[in-house]
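Supplied in structure tokens, the structure appears directly below.
Read the figures in this text as sums done on the coordinates, not as results from a lab. Everything quoted here is computed from the prediction, not taken from an experiment. A quick note on method: Cβ atoms are made from the backbone with ideal geometry, for glycine too, and the neighbour counts reach across all protein chains shown.
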Amino acid sequence: MNVDTECDFGTLPVVAWVRVLEHLPLKDRYHASLVCSKVFEAFSHPSLWRSVTLTVEGGSGKFRSLHMVNIPQRNFHLVQKFGRMFHHITFSVSAPLDKSFGEWNTVLADNIKRFNASSLTFDVGGLKNIAKGGVMRTLTENIKPMVDLVRNSLYLKSLVIKSWPTFASSLNKADENVFQAAMDNDKIKNLTKLSIFDCVSVAWSERRPLLLPVDLTHKMVEHFKSLTHLALRSPMLSEDLIRCLSCGDRQRLQQLKISINYLPQNESFEIPQMRDSVWRDFTNHNTKVRVHVLVLSRVPHHSMEMFLRPSCPLYNIRFGEFVRCDKEFVAYLANTFTSSLETFEYYEEDGDFEQELISLVECSSQLCRLVYCGKISIKHVIHLAELRGAEWQVLHLARKNIYTVPKNANEPEIDGDTVIAKNSSGEYVLVNMLKFHEQTSITSNGKEEQNMIDRVSQKLGRKWFPDSDM
């Protein structure tokens with residue numbers, strides 16, 4: 001039987017080409033659409049335009065000024081031709097600007113009523129400029145079209161504000177206050193997802209971001225009673241807001257995400273204290289809610305303990321890349337959230353609380369996802385695998401921080417902030433050098449490393465390796 005090796009891709013149905021184009025970036029998708037009429041037909045399929053990101057690039061770097069504005073020409077064509085198909089729209093501004101967007105503002109204003117967006121995301125913190133005297137401000141004509149889009153939306157169910165120029169002057173202007181615009185639109189009163197300045201990445205974040213005032217945050221949460229997903233930063237929280245989420249006339253919340261911003265000796269960035277009874281009422285009303293916490297800066301353990309009280313349904317806690325965690329707080333987690341905690345992620349390499357980590361896993365019966373970049377011995381790695389076995393969904397440990405020689409139990413513990421300490425001979429040495437000589441990385445002992453990999457893989461029931469990229 002002769003097999004014809006030639007293939008006429010033009011005979012493929014449109015739905016097949018739609019699937020292919022879904023995996024291409026916009027530029028390549030456009031070039032592919034010029035090949036034949038069948039691909040061009042697929043290029044215009046509504047499903048390809050449900051999600052779109054519209055970007056504006058501003059001045060940044062040594063060779064660009066605040067007066068440079070780059071708006072990709074494709075943005076104009078996309079909005080004018082496919083705007084009615086947009087369901088999930090993201091607006092992104094990459095850098096500070098000091099110039100009107102001109103025609104782009106006109107195009108947005110003319111097409112607002114064509115959008116049928118069910119989800120809007122704004123990452124436009126770059127819409128900030130330095131006026132005379134160093135005062136920060138925004139250009140109203142640049143921000144007004146996006147505010148009007150929220151004010152005139154008909155089907156919006158999700159509003160995500162990753163960044164927004166929240167200067168006092170902006171919040172006092174109706175054409176710049178997207179938060180008030182959302183509350184003024186009765187058509188979106190049944191909003192189900194609200195995210196304000198939520199931080200997703202564990203990488204570095206601003207230490208002193210401009211956030212929404214507590215009273216305005218409370219007003220928004222109180223207004224949108226159908227919320228099932230809410231994400232906020234800790235300085236925007238209060239006991240009154242948690243009580244508001246516990247009211248019987250509200251939809252039951254499914255997820256509460258909190259990004260912890262803390263600055264010592266700064267009242268605006270203190271961790272709010274919560275009474276256990278407030279969390280208990282919150283949990284009694286929102287019976288299936290899960291609280292996710294991302295810690296963006298080092299926080300005294302007693303402040304965290306006064307915030308995350310025993311009745312808080314803590315499900316997931318993550319610490320940023322450069323954020324240390326006190327071993328006392330890990331011990332508190334182990335003793336407090338034994339039945340709710342499922343995820344613990346720690347990305348700081350200088351972590352040194354492996355014994356407390358073992359206790360956390362032993363006590364937390366639901367813990368099945370662990371990411372830990374700190375120091376840990378081979379013995380404890382194997383013990384972690386034995387504690388959960390095949391129940392581990394995620395077990396990521398930094399290869400370079402797994403050591404083979406356990407620390408001398410007779411030597412005193414060294415605080416994480418200590419720079420100089422005595423070694424076993426009574427000599428004063430740098431702490432980092434002392435730790436280096438105490439432990440030997442598995443990277444220098446291939447036999448022990450392979451033995452560990454084999455034993456952990458056996459316990460997990462699948463092939464496992466320590467993470468070399470962490």
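Under the definition of Cα pairs under 8 Å and six or more residues apart, what whole-number percent is the relative contact order of the stretch 190-244?
For the stretch 190-244, the relative contact order is 54 percent.
So which GluC sites (Glu not before Pro) in the stretch 304-374 are both in a DSSP loop and have at most 10 other Cβ atoms within 10 Å of their Cβ?
Loop-located and lightly packed - none at all.
Filter the GluC sites (Glu not before Pro) in the stretch 140-221 down to the DSSP loop ones having no more than 14 other Cβ atoms within 10 Å, then list what survives.
In loop regions of the stretch 140-221 (DSSP not H, G, I, E or B), the sparsely surrounded GluC sites (Glu not before Pro) are E206.
A further question on this structure: Considering the Cα positions of the stretch 124-281, please state its Rg to one decimal place and its Dmax as a whole number of Å.
16.1, 50
Here is a follow-up. Cβ neighbours within 10 Å, averaged per peptide: list 158-165, 395-402 in order, most packed at the top.
158-165, 395-402
Now for a separate question. Which of K27/K144; K225/K288; K99/K189 have a Cα-Cα distance over 25 Å?
Violating the 25 Å limit, Cα to Cα: K27/K144; K99/K189.
Counting other Cβ atoms within 10 Å, keep those with at most 15, restrict to DSSP loop, and tell me which trypsin sites (Lys or Arg not before Pro) in the stretch 171-256 are left.
On the way: sites: K173, K187, K189, K193, R207, K219, K225, R233, R243, R250, R252; in loops: K173, K189, R207, K225, R250, R252.
Passing sites in the stretch 171-256 are K173, K189, R207, K225, R252.
For the pairs K327/K379; K379/K459; K157/K257; K162/K193; K157/K219; K81/K193, flag any whose C-alpha to C-alpha distance is greater than 23 Å.
Check vs 23 Å cut-off fails for K81/K193.
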